[in-house]
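Okay, so here's the structure we're looking at.
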Amino acid sequence: MRFPLFDTHTHFDVPDFDHDRNQLAHQAKAVGVERLILIGFTESRFSDLMKIQHELNQLQDAPISYLAPGLHPFYIEQHLPAHLERLEQILKQQSCIAIGEIGLDTFLPQHKQADIYQKQKQYFIHQLNLAKQYDKPVLLHIRKAHADVLHILKHQHFKLGGIAHAFSGGIEEAKAFIQLGFKLGITGQITNPNAKKLHRVITEFGLEHLVLETDCPDMTPLCCQESTEYRTRNTPVNLPFVLQSLATSLGMNEETVAAKVWENSLNALKLVQ
Ligand SMILES: [Zn+2]
């Protein structure tokens, strides 16, 4: 069976896909991926991001591609004030569905240093203000920084919602993001029975606030991994495995889950249909 699916988080623009992107786009469409979002992380990729969105949308029998430019907290050392100006210029000139991915990331010890972390916060707040100014939802990247992201969203009175991508928080954090109007992005991590925290969040909240994503080329579902020694590239073609695993985890049929996560995706992204 094939159900209409929305891949709400991809890096399908990166060079890993240059040799076979069009072919994968056709395959993704064939397995039900009707739409996908191309998400920004550094200013140096913005022009390719836009070029590839344009190319993908020229293809027949391929998913509709949306643009979400943004400056990712993990790459904080690379960002400059001029990059925020470039981002604003793109928001003015292009049809963007969201700003992403933005947030806070303290996974690396050096990112916990006061000055670096402060810079992450400044760029996050600046981009939330751009989102307010241009009336866009945001796609959040949060690693080991849930409390601070929640604090900033509240302090900035951010009401436009969006998606907390590859959600890795616990039940209390999930509840807080949902209350602020966010959907939670479910990746191929769901295929891992050891992802206990994620399974608990899903069991607790059900389907109401979930959306699907591949986060390709990362987060390859377990079933699609070819080796334990090297990383297997993830692609939008694998999205049905995320659906399948979510349906199993919820004890529901795939058709019901697909219809609801589709509706949730449109709501989170303020799309009419
Ligand atoms: Zn990402």
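The values are calculated or read from the model by the stated rules, or taken from the named source; none is laboratory data. Note that the structure is predicted; figures quoted are calculated from it, not measured. Cβ atoms come from the backbone with ideal geometry, glycine included; neighbour counts cover every protein chain shown. Note: areas computed on protein heavy atoms with side chains; ligands, DNA, RNA excluded. Shrake-Rupley method; radii C 1.70, N 1.55, O 1.52, S 1.80 Å.
Rolling a 1.4 Å probe over the protein heavy atoms of the chain, with every protein chain left in place, gives an accessible area that is 50 percent carbon and sulfur. Normalised by the number of residues in the chain, the average gap of Cα pairs under 8 Å and 6 or more apart makes the relative contact order 19 percent.
Only Cα pairs under 8 Å and 6+ residues apart enter the sum, and on that basis the relative contact order of the stretch 110-191 stands at 25 percent.
Radius of gyration over Kirkwood radius for the chain, both on Cα atoms: the Rg/Rh ratio is 0.94. Given R0 = 30 Å, the distance between the Cβ atoms of Thr232 and Lys51 translates into a calculated FRET efficiency of 0.70.
Any of Lys92/Lys121; Lys29/Lys197; Lys51/Lys159 with alpha carbons more than 27 Å apart? Name them for me. In this structure, Lys29/Lys197; Lys51/Lys159 exceed 27 Å between Cα atoms. Taken per residue, the accessible surface of the chain reaches 45 Å², heavy atoms only and a 1.4 Å probe.
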